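All remarks here apply to the structure that follows.
The values are calculated or read from the model by the stated rules, or taken from the named source; none is laboratory data. Computed from a predicted model, the values in this text were never measured in an experiment. Neighbour counts run over all protein chains shown; Cβ positions are idealised from the backbone, glycine included. Just so you know, the surface numbers come from the protein's heavy atoms only, side chains and all, with ligands and any DNA or RNA stripped out. Shrake-Rupley method; radii C 1.70, N 1.55, O 1.52, S 1.80 Å.
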2 protein chains.
Amino acid sequence: MARTREFDLDAAVSAAMDVFRSKGYEGTSMRDLSEATGLGSGSIYAAFGSKDGLYLAVLDLYRQRYATPMVDLLRSGNDPRAVIREVFIGTVDDITGDGRHLSCLIVGASMERAHQDVRVAERLRSTTQSLELALYDLLAEAQLRGQITTDRSATDLAGFLVTSLQGLRVMGAINPDRAALTRYAEVALTCLD
Amino acid sequence: MARTREFDLDAAVSAAMDVFRSKGYEGTSMRDLSEATGLGSGSIYAAFGSKDGLYLAVLDLYRQRYATPMVDLLRSGNDPRAVIREVFIGTVDDITGDGRHLSCLIVGASMERAHQDVRVAERLRSTTQSLELALYDLLAEAQLRGQITTDRSATDLAGFLVTSLQGLRVMGAINPDRAALTRYAEVALTCLD
DNA sequence: CACTATCTGGAACGATCGACAAAGTACCGC
DNA sequence: GCGGTACTTTGTCGATCGTTCCAGATAGTG
């Protein structure tokens, strides 16, 4: 028909994600987003409709990039304790990985956007629940096999583990001490005993 | 000397706190703060110097109102498990208390402001550390008395508990389910066994 | 090759941002 | 009661906000 879109949509969303993660939603201006993506504001509005639209796209990419692999790992069929530990270590790595101080988009969105935008709130609940569900299935199976404690229900244990992951994100933002965070994660894992 | 200040400084800071908690730092405008406090913007600038100044005052009041009582409770000399449980239950109550969806200022500040303003970062670290320290003293004493596990150091246990508290704040923002949060808190407490 | 539908970057919009100065007002010590 | 001082109010500043629109550029169609 006519001219095709020139830029890579995913790359633009990815660049926008870094900005939102470091400056928050309100703290990020369209100017910031233009510079980060290399796009004119016109192109952004044509592609995403609004700042909110772009933010939602960023949120979806974040889910796809971080939450989905975690769920896949939990459902991989490997040893329950091993994969859960791997998820925790991976989270600590992600927090302390680079020096760019990119906070967790999920936690940030929970604090800043969940109460303002129902679409954000839905996505957050959906992401958390799919993670909890994957943990639940894994833990329930492990309980049947006698690999972990049955003192607490798999539901509670799953919810607790997600809570701990969120807590690690917050602690990492306050003090990104990899060794300390790892030790806190280890303590959390002892709840499975 | 001269005309006395007409408004209650603490009341103004308290009103501003509610706004910051519900809208975040960047999401709150001076107009919002004027309406909430009932003060003209001129008065706010005379009293606090800037929006940042007011935010720091809010942060200090939040510490004084929530963190300090927690530390006092932990140092009250009562049974370690009982006071720790009380701190957790109190946190869950605070999260699910009213329907106004006021998120935790500490967590919000960690996500939104810690990387932008060193004075905020300092206050956050100081608050967390005083809470960790109070927990440490309590736990170390409890370990000597054989009241809790010695499998993990008191330092790690204290850090883990603070991590869990932060996690509960995040989970509460995503889904303020009091019963679920309480069960997650219970699981966290089993780490002391 | 000409046409045209679409994309692009940037200018410009009204609104609102944080901040401030000037003017008015109420209180103090004298 | 008076002068002076500090506080409050009001209006406004330039900058920046998110958004829209437009003119030019470009790639696909016939």
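Descriptive notes on the structure:
- Selection status of B:T68, more than 16 Å from DNA strand C (Cβ to nearest atom), free of Cβ contacts under 8 Å to residues at least 40 places away in the same chain and of a type in the set (S, T, Y): yes
- Selection of first residues in the range A:13-35 that are free of Cβ contacts under 8 Å to residues at least 60 places away in the same chain and open to solvent by less than 20 Å² (accessible area, probe 1.4 Å) and of second residues that are of a type in the set (D, E, K, R) and more than 14 Å from DNA strand C (Cβ to nearest atom), restricted to Cβ pairs under 9 Å at least 6 apart or on distinct chains, gives the following pairs, ordered by first then second residue: A:V13/A:D60.
- Test: residue in the range A:151-174 that is part of a loop (DSSP other than H, G, I, E, B) and either among the β-branched types (V, I, T) or touching a residue at least 40 places away in the same chain (Cβ under 8 Å) (or both): no
- Subset of the range A:156-193 (residues that are farther than 13 Å from A:V92 by Cα, under 22 Å from the mean Cα position of the chain (by Cα) and more than 8 Å from chain B (Cβ to nearest Cβ)): A:A158, A:L161, A:L189
- Answer from A:R183, A:R75 - the residue that is without any contact (Cβ under 8 Å) to a residue 12 or more places away in the chain and more than 26 Å from A:T28 (Cβ to Cβ): A:R183
- For the residues B:D79, B:D60, B:D52, the requirement of being more than 16 Å from DNA strand D (Cβ to nearest atom), within 19 Å of the chain's Cα centre (by Cα) and open to solvent by 20 Å² or more (accessible area, probe 1.4 Å) singles out B:D60.
- If you go through the range B:80-118 and pick out every residue that is among the charged types (D, E, K, R) and farther than 22 Å from B:Y25 by Cβ, you end up with 4.
- Any hit, the range B:1-10, residues being more than 9 Å from DNA strand C (Cβ to nearest atom) and modelled with pLDDT of 90 or more: no
- Yes/no for B:Q143 being away from every other protein chain (no Cβ under 11 Å) and in contact with a Ser or Thr (Cβ under 7 Å, 6 or more places away or on another chain): yes
- The criterion of at least 1 residues that are within 21 Å of A:R178 (Cβ to Cβ), within 14 Å of another protein chain (Cβ to nearest Cβ) and of a type in the set (G, A, S) is met, among helices (runs of 4 or more DSSP H) falling completely within the range A:1-114, by A:9-23, A:105-112.
- If you check B:T155, B:T163 for being open to solvent by less than 10 Å² (accessible area, probe 1.4 Å), touching a Phe, Trp or Tyr at 6+ places or on another chain (Cβ under 7 Å) and modelled with pLDDT of 95 or more, only one passes: B:T163.
- Residues of the range B:38-49 that are open to solvent by less than 30 Å² (accessible area, probe 1.4 Å) and either more than 10 Å from DNA strand C (Cβ to nearest atom) or under 19 Å from the mean Cα position of the chain (by Cα) (or both): B:L39 alone.
- Of all residues in the range A:166-176, those satisfying the criterion of being of a type outside the set (D, E, K, R) and open to solvent by 20 Å² or more (accessible area, probe 1.4 Å) are A:N175, A:P176.
- Annotation note: of B:S103, B:S50, B:S14, B:S110, the sole residue that is closer than 21 Å to B:R123 by Cβ and in contact with a His (Cβ under 9 Å, 6 or more places away or on another chain) is B:S103.
- Note on the range B:104-120: residues that are open to solvent by 10 Å² or more (accessible area, probe 1.4 Å) and either without any contact (Cβ under 8 Å) to a residue 60 or more places away in the chain or among the polar types (S, T, N, Q) (or both) amount to 5.
- A:L131 meets each of the listed conditions (1) more than 9 Å from chain B (Cβ to nearest Cβ); (2) closer than 23 Å to A:L73 by Cβ; (3) not aromatic (F, W, Y); (4) not in a helix (DSSP H, G or I) apart from (4).
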